[in-house]
Structure formats: structure tokens, C-alpha cells
1. Criterion first (within 27 Å of B:Ile247 (Cα to Cα), touching a helix residue (DSSP H, G or I) at 6+ places or on another chain (Cβ under 9 Å), at the interface with chain A (Cβ under 9 Å from one of its Cβ atoms) and among the hydrophobic types (A, V, I, L, M, F, W, C)) does B:Val407 satisfy it?
2. Could you please find all residues in region B:272-317 being touching a strand residue (DSSP E or B) at 6+ places or on another chain (Cβ under 8 Å), open to solvent by 10 Å² or more (accessible area, probe 1.4 Å), within 22 Å of B:Asp257 (Cβ to Cβ) and hydrophobic (A, V, I, L, M, F, W, C)?
3. Within region B:260-271, identify whether any single residue is within 14 Å of chain A (Cβ to nearest Cβ), out of contact with any Ser or Thr (no Cβ under 7 Å at 6 or more places or on another chain) and not charged (D, E, K, R), and answer yes or no.
4. What are the residues in region A:542-583 that are aliphatic (A, V, I, L, M) and part of a strand (DSSP E or B), if any?
5. Looking at region B:132-139, is at least one residue within 18 Å of B:Thr60 (Cβ to Cβ) and at pLDDT 95 or above?
6. Does region A:621-633 contain any residue that is open to solvent by less than 30 Å² (accessible area, probe 1.4 Å) and farther than 30 Å from A:Thr309 by Cα?
7. So, in region A:420-431, of the ones that are open to solvent by 30 Å² or more (accessible area, probe 1.4 Å) and assigned to a helix (DSSP H, G or I), which residue ends up nearest to the other protein chains (Cβ to nearest Cβ)?
8. I'd like to verify a number: residues in region A:584-614 that are part of a loop (DSSP other than H, G, I, E, B), open to solvent by less than 70 Å² (accessible area, probe 1.4 Å) and closer than 30 Å to A:Gln26 by Cβ, how many?
Amino acid sequence: MHNHAGLRLAVDIGGTFTDTVLMDGQSNILATTKTPTTPDNPTVGALIGAKRVLDDANAGFPQVSGFIHGTTLATNALIERRGASVATITTDGFRDILEIGYERRYSQYDINLVKPDLLVPRARAFTIGGRMDARGDELTPLDVAGMDDLVRRIEDSDAQAVAVCLMHSYANPKHELALRDQLLRALPDLAISLSHEVSPEAREFDRLCTTIANAYIQPQMAGYLADFQSRFAAEGLSCPILMMTAGGGMTTLETAARLPIRLVESGPAGGAILAARIAAETGARAVTSFDMGGTTAKLCLIDAFRPQTARRFEIARAARFIKGSGMPVRIPVIEMIEIGAGGGSIARVDRLGRLQVGPESAGAQPGPAAFGNGGRAATVTDADVVQGLIEPGRFAEGRLTIDTAAAEQAITLEIGSALDLAPDLAARGLSEIVDESMAAAGRMHAVESGKELATRVMIAFGGNGPLHATRVARRCQVDQIVIPKDPSVGSAVGFLYAPVAFEIVRSRYATLDQPDLDGLNAFFDEMTAEALAAVRAGAPEAELSIRKQAFMRYHGQGHEIEIALPDRALGPADIEILRRDFESEYSRLFRRAVPGMAIEILNWSVEVSSPAPDLSRVPDVAQQRTARPCGHRRILCDVSGHWCDAGIYDRSALEPGDSLRGPALIAEPQTTTFVSADFQASVDGGGNLWLNRIQEDAE
Amino acid sequence: MNTTNTRLQVMWNRLLAVVEEQGQALIRAAFSPIVRECGDISAGIFDVRGRMLAQAVTGTPGHINTMAEAVKTLCGRYSRSEMKPGDIFLTNDPWIASGHLNDFLLVMPVFHRGNVVGFSACTSHLVDLGGLGMGPEGSDIFDEGLRIPPCKLVDQGQLNALLMDIVKANSREPIANEGDIYALIACCETGAARLADMMVEFGIDTLDSLADYIIETSRRGTIEAISALPNGTWHNVLTVDGYECEIDLCAALTIADDRVLIDFSGTSGLSRKGINVPLNYATAYTVFALRCIIGPDIPNNAGSLAPFHVTGPADCILNAQPPAPVAMRHTLGQMTPDLVYGCLSQALPDAVPAEGASCMYDLPLRHAPEAVSRGGTQFALELVFSGGTGARPSLDGLSATAFPSGVWGSQIETTEAVAPVLITRRELRQDSGGPGRLRGGLGQNIEIRSSTGEDFMLFLSVERIANPAKGRHGGLAGAPGRIRLGPDGPDLPGKGEVRIGGGETLIFQTPGGGGFGPPDERSPLAVRQDVRDELVSARAAQHVYGVKP
């Protein structure tokens, strides 16, 4: 065996594949593998992948000093409705927080819409007396006398877990804590999630939903994590296992088992961390990550090497991708937009003769028609095959034969005949529609964030990201694209660059004119101590950094803006600084501040994190060489609309300094990079592929 | 279809994305709670002839036709040759813009290669325009605040400072109004810039062929949907509470091969109070309701709207003429869907829902007048608590959900953090859903009192207190709304001012939606589930549905 001290291992369990990456102490990737996920017990598949990469590197579990795990298990349990039977306890008078929600229809014209199933039927929604006000002052004590009745109702309901969400508990958790103690005394095996621990923010509907989601997956996830740990320990793993969170940091197994909702959507977060890392290594300060897989595409804006974050997202949408049709979860997350556009997205012609693509997907089974598994729908992958962009023999390491005739037939039957178009032009139209919808979603997301898309570098990965990157980039006026190494296991690679981190966002209403500074500083001390404890457990010796923010808005508005705070006690002089920072950020977003309008602060956050692994800047390349293709293919050019010759290149044979011009296809085991005719490609000192749009005037 | 058409479709998709972008940006920057909670804004892109090509799908349908017509009107006032890059035009005239003074409409010509190629427009609800404020108490439009005829707000990039000063000087919320107007300007400019960018990207000099494609495709699709309907004329009368007296809303719906006509003849005359509705606003909700059933998948534009025609005699309450007071035009405007559904369900018995609570159940709360001089707590809140929607032909109604408006409800915790009120109850109202084979949605029980012991004011303009939502095809009515001070207090009317004493509790019960089909046809399983969930009482299960729980 080599001297492999300090190996680090990342395992990302997805719905279809488990991605495993092994890295050495200098952040060099030693081995990667993609193995099928084993749904009955995902740990089995994780062990297979881990052993394979260790074997490939001629190493063993005892040499692993860092282990990071991310899983869609939590997400899938919520989507597939495979969690515990949950009961809720809310304050008397508010039994229907869940049923009432925001009183809203998510689709304006659909009179037959069905609201999302929020997991707890009204028959399992219970209440208890006692009331706090918005400042956390007790108006009525907790109804201890009503406890016996409550316990009996919970027992009768057969609930396995309870979500407790009492009015204003974020401001004073006393009643929630007392209620938990009383419940555990009577029902010691009950799994209890308290809203002030899961999501201590004002807005009772969001907080209750988040607490329910946590309670729903908590028994299952706690069991899974304990089993995962013991199986890997039995194989000789001696280092602690850290879990990837949706916020982009790692946390301990203990925290993950208590707050499993933080694990939801952690896989995509890994992709954003990878993109942020590559941004830092290459010095790209304004970046969009573009992660396109089989069913969806995800975009994240990354500025100054930090992925954009949010405090709320939705899971399990009733109508896919329609805002407001899902269950809100209010936790700190890396903010991503998800579009129902992937290789398997299905195209059809509507009754107006409009070509529509997605969000329905052919999935892994039967998959695109080109997979030859009986799929008949015309998909994005079929269109790529018809345009010659996918080499039939090399797809998925040659494990999957591409049936070009089936792809062409599906495109003809579903699109070509309805629109009276030849198959190649129908395929091109299909690509144009799906690429435009991804570009439009990206532009919309940038506008909502007060940012521009056109000036950014796109970092593209995922199974279909490198294939569609130039086409989507052109539609967003993006001129530069980076395709990292191992783009198809991007999320797992990203895990290895994540810090140990924990963020808490808590509500406390204040106006900038009359802030209670002493109270606020004490409030921050308490939050910081809580976050520090969570991080210290996972990073005992690291030097930790603390980041504080305030979420501010003008009085009367509904949208808050995050403003960084200094990491020290706030003093009277800070008020003017905060006002100035808010007004300058506000005018950046909305062109102009509104002088004289009162400013209010609703939420405050603290993030504690360990340093990320050391960064190595991509070295400069000594000289440029023109790479030679290893073959040619006829493809339909997306720029000219005519069939033309494209060079085929093997990515593993390209070296730093190599460059080539489109149209070209750069193949690697899990994906292909398509270099359009208006792009040129070059390999940098770190092995990243750069695709640069050729400026027209330079022609 | 050929490749040119896929290209046109890509551009159409781009326009739809642009107007959504504009809409979202406007909502985020808005100061009015009604914009925040209801998305009461609109954004659209128009061709050089003023034909609407794309419109954002926002929270309230009240802008659907109003914007399409308003831009045409405004464009007609100015010749293209006198328009300069950077110009923006403005009006809040209720009969041109959107039915009441609070809605400001801005229109900006878009230039490409030196020529006007189209227009970018947006509308937003401003917080306060002076007068008596938002409420039905005005006796004419002059009581209701500042009315601005079509004029130039921005002249080649230069803001009309006098106009801005006039708007601010006539408002109780001058800073918020200024912020909102700047947000509207930014919204127009963004739309114009994106449209010009798109034309460069796709290398087109005019929007003509794109406009023709969008309008023709949409018009054709809408007419196809109409031609699938039975031809004929159907009548309905909807009696509503009104202010001083009950009002009859009358409609005749005619479906021809290629168009749909609605005629409000027979509708009662004007109210003395500000619940009158300009026809542009009544048309918006009427057409919205019809389009939910007829071709809902086709985006709003000049082509999809063209086959719908709405008329009504001048000075019936759905076609109020100046100077009638119209501040609360939404109260009755939002009843027009139930009015036309009563006609349409005769033609399409299995496609149209029962009547619902329909009118927005909002609770505008303010400090008592003397709080200003006494140094008491000053506040203004606009809470919304929706009733139930009508049962659908194959689904129960939605409880505590807004329809036809897309208003959002308020959250108790954020409300109590910003205003001196304590909400002690917000729960579904048992047995309020109209019984039927499909049950109407339930209303809510709301209880509110002052958290400081000070008196406060409530300004009511709601419906369905005396006239509950009727069921359809044998379904029974939903429970009417009910408003009291304390459980033993007398029932209050749905319109007017109410003073709530420091120690009193306002009990506000929102109406339920009507049922669909006879209650005895409801599946006993569904009835028992409703009883288990305590949405229906055991007593009602037995007496109304004939099901022993």
C-alpha cells in the first residue's frame, strides 16, 4: 500500500446512483465510482462504492481520516410519503395552521387544483392551552391540567412522532420545553420535534411545516444513521462520519439525527460547493453553476466564491415546479432553482401547435427512446442523439447501447409529424425550447436576486450539463464556461470541499430607530453558543469563524434583504452603519433607496464554520497546443442549422494547454462536452475545460 | 409549422419570461400590503399598435383586460412620432387604468434602431392617494383622492418632479408612494430593455411577425375552445348584500361559434357609496372566470381576449360612470365570476363550480382617531381571512382559500409582531361548507382584540352576510359570513366602520362555499371522514347527509 495518510472519502447516495470519491490529503482525486443505489438498504451500496475506490487506490478504511456522507434518503422519504405517522400540537385556537396555510391557490386558472398533502390529517391535529406574545412574554401559562387528555388523544391516534409548534415559541421556548418534558414522562418512546429547535423563525405555517417534516423523517433517519455508522465501523472506519447539509456545511451524526430536515437537498448543495471551489481556484468572482441531470436542471448563483443562500424552500410539490404547490421548509439552504429539464424530459405538441418540453420525465425506466428499453416518448436525450451529439457506442462507458433509429422514430412520431418538420429540425426545435426554458429560468432567478446572468462564468456539470452548456450559455449571453474534472460526480467531489458548519436563523422583531442593543447582544450570544457547540463536536481543533447577518426591510414591505453584521457586540455607532449598508444594498437591488422610510429587522442569523480545505490556485499553462481529434462525426450544427463535421476528442487524452475549436465533442466515461461552432475549448493547468465564445468581430 | 415558427415560439416564451421577471421585481419592491399579500400588480409587453402580447400571471385577475385596454387608450393619446426614448406615461384614472385611484398604470415606448417597436407597461396598487382613503364611504370620485389624467411622468429620462410632488403632497404615505412610483419606473425600464435585447439577439427589426403569430395562435386556440361549447343564451341573477340595500347583478351569456358575449342589462343602478364598479374592472373578473373554464392553458394576450365581449348599460352598478365613487370596486367585481358561472353552468352543467365566498374577506384595521393626539399606538393593518370556495364538479371546495382573487392570507405571528393586536383564534368553521355530493369549502372563525387595551377601528366592505353562497344542482348553500363584537353582541352589517373597544373581541366568521349535487348522494365514507376530521358535526352528518357517524 502507498503511504496514504489522511485520505478523505465522500459518498453521495442519489435515487439511481451512489457516487463515491476518494481524495488524498492534498485534495487530489485518487478514484471515483458510480454504483447503483440499493434502495432496500442504501448502506450496502455505499459500502460497495467505498470499497471499490479504496481498492482502486490500493488503500483501506483505517487510512481514511475524513468521511463525508450525503443522501437523498431524507428527501425521498418526504416525496414518497414513507415517514412516520405524525401528530401536531399547536396552541389552543390554532388547530388549523396547516389546513389554512396562506389561503392560497398556487395556480391562478386551475379551478380543479388539489392542495398539497401536508402529512398530518386534521384528526391528528391537537391543541393545548397557554399563550406567549410576540415579545415572548407569557400571557397564559401552559395548561398542565389538560395534559392527561392530550396524552390520551396522542395515544389513541397511534402517532409515532409529534411536531410541537406553539405560538411565538421562537421568542420564548418555555412552553415547548415544558410540554416535551411532560409528554416524555407519559410516553417515553415518542419522537418529539420542537419548532423552536427545528426552525426558530416567526410565521407559524412555515415553522409548523418544517417541524412536521423533521418529525416525519426523524425516526427513520436516526435509525439509518446509526446503522450506517456501525456498518462502516465494522469495516474498520475509525474517523467520525460527517453529514452534508442543505446549507452547504457538514454536521455531526448526532445533530443530523436530531434535525434530519437539514439533510434534505444536500446532494445538489454539494454541486454548488464544487462550483464555488472551482470559482476560487480559477479566480472567477461571478459564477452560475449549471447542474443538468436526467430529470432536472439546477442553477445556483455564486459570488465571491460563496453560493447564494436562502432561508426557505419547498419540497414535494403537488404540481411539479410550480411555486407554492409544495410544503415549505424554513431552514438555511444554498439557494438553487430547479427546472424540470433533463435528459429524460418529455416533449409533446400541445393543441395550439406549440412544442412543450417537460417537466414530465421518462425517468430511468423506461428512459428516453434511445435507451431501447421500450420508451416511446420523445425526450431531450433523443433529440441530442438525432442531432448526432451523442456517440452511440460510448454512452455511459459503453454499458448502454444507444438506439438511434428508436430516437428518430420517437421524434418523428411525437414532434415531426405534428409540426410537419423533418426529424433533425424537430430535434433542433426541441433542444431550442428546452435550452430556452433553462436560460429563462436562470435569467429570472438572477433578476430576483438583483444580479446579471450575462457577465457570469458558467460552471457546468451533471450527466447532461456539459452537453447543453454552450447552447444554454448562448441564450443567456454567457461567454465563458468551465467543465470541471469528473463532472458527472460533481456533488460528491463538492462534499470534500465543505466546511463543518452550522447556521441558525432566529426571529426577533426590531426597528432600526429603537433597537434594544443589550437584549440583542445577549440574544446573539445565546445563538452563537448553540451553533458553536454543534460545530465544535465535528471540528474539535479547528479555528472557527463566525458570520452574522440581519434580515432587514423597509416598514410595509414583505421582502427582506440580508445585511452582514460585524462579529462583535453591537454598539450605538453600528446603527448608522447598518442603515447605510441596507440602503446601499437596497439601491443595488431596486435602483434607488427610499430615504426617510423606517427600517425594520425581522430575523437574525449566526453561522459558525471551520475553514474549508486549503485552496490551490490553478497553475498557469506554459504554452498552448492545438489538440488533434481522434475521430469525426456528422452533427447538426446548432448555430448554422446545417449538418457538418465535428471533431471527436477523448478528454483523458487532453492535457493542460491543449485547445480546440468547435464544432467538437469531447468524450469522457460518463458524459460528453459539446463545443458549439461558436466556441473554442482549452484545458487549464488544473485540468478544467474552458469553453470560450468566439467573438464575432474577431472572425 | 416550420423552423421559423419554433423560433417565434422561443421568442414568445422569452416574452412570457420577461413579463414574469418584471412582475416579481415589482412585487418585491412594493410598499402596499395589498401588493405584497395579493400580488396586486401587472406587467405586460405590447406591440407598436398597442396590442398586448404577454402579461404576467399575478395574484389578482383584476388587471387582465384592464391593462390590455388601458395601454390601447393611452397609446391613442400620443402619436408615435412625439414619443422619445426614455419617455414614460402615467395615469390612475379608474376608467382608463384599473377601476380605482390606487392603481397606477405606467406605459413606456420601446425603441429599437430609432423607432418605436412596442410598449412595456405595468400597474401597481399605491398605499394612499388621499381623499377619504381606502373604504366605501366616498360619495363621489372626488372624495376618494387624487385623480391623474394621462400625462408624461418621465420625459426622455427626466422625472416630472412637479407631478411627483403633487402625488406626495396628496398622500398620507408620501414616502411609500414615491418608492412605489420608482419601482414602477424601474419595472417599465427593465421590460423595455429586455425587449430591445431580445430583438438584437434574434436579429429582428420589428415585432410584427411575432405579434401576429402570438395573437393569431392564441385567438385560434380560444375560438376552437369556444366552438366546442353549445350555442345559446343563458341568464342568471345574483342577489348580493350591497351597502344601503340589496343589489341584483344580472347577466346574459351568449355563446356563438366564435365569440362569447356577456351583457349586464337588468343589473341594479349605482350605490351612493364606493362599491360601484367601472366596466373595465367588471370585465376583467368576468373574463377571468370564463377563461378558467374555456381555454385556461392559453396565455393572456390580445388574441386570447379578443373573442370575449362584455357590455352593460351605463350607470348600472357594473358599468359605473364618473363621478361615481369606486374605491371598493373589488367587493362586487369579485362577485361577477359567480354571476357568470350561474349562466355557464346551464350550458356546461358538469364543468362549473358552485358559488363561493368569492369577495375578498379583508379586515382593514387602524388605530382609533384620537390615538394621534393622545400619543396612543398608531398602526394600519390589512388582514385577509378567506372564506371557502364552491364545491367543484368532481372535488370538494377549498377551505379558507381565496377565489377569484389570488390573495394570500396573513400569518398571525408576523401580524402580532408589527401591530398592537392579539389574535386568539383562527380555525376552520365547522359545518360552514355547503352540503352536497361535493362539499363546499369551509370558512374560518377569527377572534381579534387589542393587545394594549386601546380601541381600534375596522373598515368593512364584505359580501355574503345576508346572501350566502348558493349550491349547484341540488347542493346546499354555504354558511353566511357573520361579524360580532363578543359572542353575545348583535350581528353587524358587512359594510361600514366599526369601533372595537379596548376590552372587546371582534368575532369574524367567514362564509363557506356552496355544495355541488344533492347531499344524500355524498359517499358515506366521505361524510364519516369529515366527521372524524371534525369538519362536519355528527349532528349535521345525520340531519343533512343522513349518515350515522
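The values are calculated or read from the model by the stated rules, or taken from the named source; none is laboratory data. Here the structure is a predicted model, which is why all the values come from computation and not from measurement. Note: ideal-geometry Cβ built from the backbone for every residue, glycine included; neighbour counts use all protein chains shown. In case anyone asks, the SASA skips ligands and DNA or RNA and just uses the protein heavy atoms, side chains included. Shrake-Rupley method; radii C 1.70, N 1.55, O 1.52, S 1.80 Å.
1. Values: within 27 Å of B:Ile247 (Cα to Cα): yes; touching a helix residue (DSSP H, G or I) at 6+ places or on another chain (Cβ under 9 Å): yes; at the interface with chain A (Cβ under 9 Å from one of its Cβ atoms): yes; among the hydrophobic types (A, V, I, L, M, F, W, C): yes.
Judged against the criteria, B:Val407 is a match.
2. Across region B:272-317, the qualifying residues are B:Ala302, B:Leu305, B:Phe308, B:Val310.
3. If we filter region B:260-271 for residues that are within 14 Å of chain A (Cβ to nearest Cβ), which is where we start, we get none.
Checked against the condition, which is being within 14 Å of chain A (Cβ to nearest Cβ), out of contact with any Ser or Thr (no Cβ under 7 Å at 6 or more places or on another chain) and not charged (D, E, K, R), region B:260-271 yields no hits at all.
4. Quick first cut of region A:542-583, residues aliphatic (A, V, I, L, M) only: A:542, A:544, A:546, A:550, A:552, A:561, A:563-565, A:569-570, A:573, A:575, A:577-578.
Within region A:542-583, A:Ile546, A:Ala550, A:Met552, A:Ile561, A:Ile563, A:Ala564, A:Leu565 qualify.
5. No, region B:132-139 contains no residue that is within 18 Å of B:Thr60 (Cβ to Cβ) and at pLDDT 95 or above.
6. Going through region A:621-633, the residues open to solvent by less than 30 Å² (accessible area, probe 1.4 Å) turn out to be A:627, A:631.
Pick out the ones that are also farther than 30 Å from A:Thr309 by Cα and you get A:627, A:631.
Within region A:621-633, one or more residues are open to solvent by less than 30 Å² (accessible area, probe 1.4 Å) and farther than 30 Å from A:Thr309 by Cα.
7. Start the filter on region A:420-431 by keeping residues that are open to solvent by 30 Å² or more (accessible area, probe 1.4 Å), which leaves A:420, A:422-425, A:428.
Remaining after also requiring assigned to a helix (DSSP H, G or I): A:423-425, A:428.
Details: A:Pro423: 13, A:Asp424: 10, A:Leu425: 5, A:Arg428: 7 Å.
Among those residues, the one meeting the criterion is A:Leu425.
8. Selection size over region A:584-614: 3.
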